[in-house]
Amino acid sequence: MTGLGASAALAVLIGWAVFALAGWVAAPVLAAGLGAVAGAGLVVAFRDSLALGGAVALLAPMGVMLPAMALRHVAVRLGLPVPGFATWELAAFLVLYSGFLAAAFGVVPVDVYRLGYAPLPVAAMVLGLCGYGLVTGNWFLALVAVLGQGAWVMGWGSSNWFDHVLHAALWPVAAVVLVARLI
């Protein structure tokens, strides 16, 4: 991701964290405003600091998915109609993503990650996710797939499409949400 893109993604994530914390004591609209100001302000004020550079290094590659999930959460709390994920979708994601990570780490002798470098498999996966979004009415996943493909085609950051639409932090987040739903 470009420096501007990484800064924007980090501003969204910082803003989301402030929004989530402020949401304990403030109305969603006020918390969203505080989050937006804090995210943008901190990234601009401490642009070249070691702390923000370390945060970018820790979260890189952020891709499209992490900021999109943060913005989705804010939008839902503000009452906007953004589709969510069913429990079975989260469970399927955890199983499939576990297999994907195992393959990427060489535990399974199939290298699915390499498909993210090639245009035809990426196009097929994006079209598949768009088709899934059309059938289920979940435009959020299709939007992330298309935005990830756009960033990938433009050469913003990683040369692998999976790095734009997935992140290692998604596994624990999905697991926590799934456990919370089942309790």
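The values are calculated or read from the model by the stated rules, or taken from the named source; none is laboratory data. A quick note: this is a predicted structure, and the numbers were derived from the prediction, not measured. We place every Cβ from the backbone using ideal geometry, glycine too, and count neighbours over all the protein chains shown.
See the values below:
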{"read-out": "Enumeration of residues in the range 130-144 that are under 15 Å from the mean Cα position of the chain (by Cα) and not β-branched (Val, Ile, Thr)", "value": "139, 140, 141, 142, 143"}
{"read-out": "Helices (runs of 4 or more DSSP H) (entirely within the range 43-145) containing at least 1 residues that are more than 23 Å from residue 9 (Cβ to Cβ) and not β-branched (Val, Ile, Thr)", "value": "87-104, 119-136"}
{"read-out": "The lone exception for residue 91 - which of (1) touching a helix residue (DSSP H, G or I) at 6+ places or on another chain (Cβ under 7 Å); (2) surrounded by 18 or more Cβ atoms within 10 Å (Cβ to Cβ) it fails", "value": "(2)"}
{"read-out": "Sole residue being surrounded by fewer than 19 Cβ atoms within 10 Å (Cβ to Cβ), assigned to a helix (DSSP H, G or I) and not charged (D, E, K, R), chosen from 156, 152, 171", "value": "171"}
{"read-out": "Condition broken by residue 61, with the remaining ones in (1) of a type outside the set (Gly, Ala, Ser); (2) in the same structural domain as residue 6 (by TED's automatic domain parsing); (3) in contact with a Phe, Trp or Tyr (Cβ under 6 Å, 6 or more places away or on another chain) satisfied", "value": "(3)"}
{"read-out": "Filter pass, residue 144 being under 22 Å from residue 73 (Cα atoms), in contact with a Leu (Cβ under 9 Å, 6 or more places away or on another chain) and at pLDDT 90 or above", "value": "yes"}
{"read-out": "Residues being at pLDDT 90 or above and crowded, with 16+ Cβ neighbours inside 10 Å - total across the range 98-110", "value": "3"}
{"read-out": "Number of positions in the range 16-30 that are over 21 Å from residue 173 (Cα atoms), without any contact (Cβ under 8 Å) to a residue 40 or more places away in the chain and part of a helix (DSSP H, G or I)", "value": "1"}
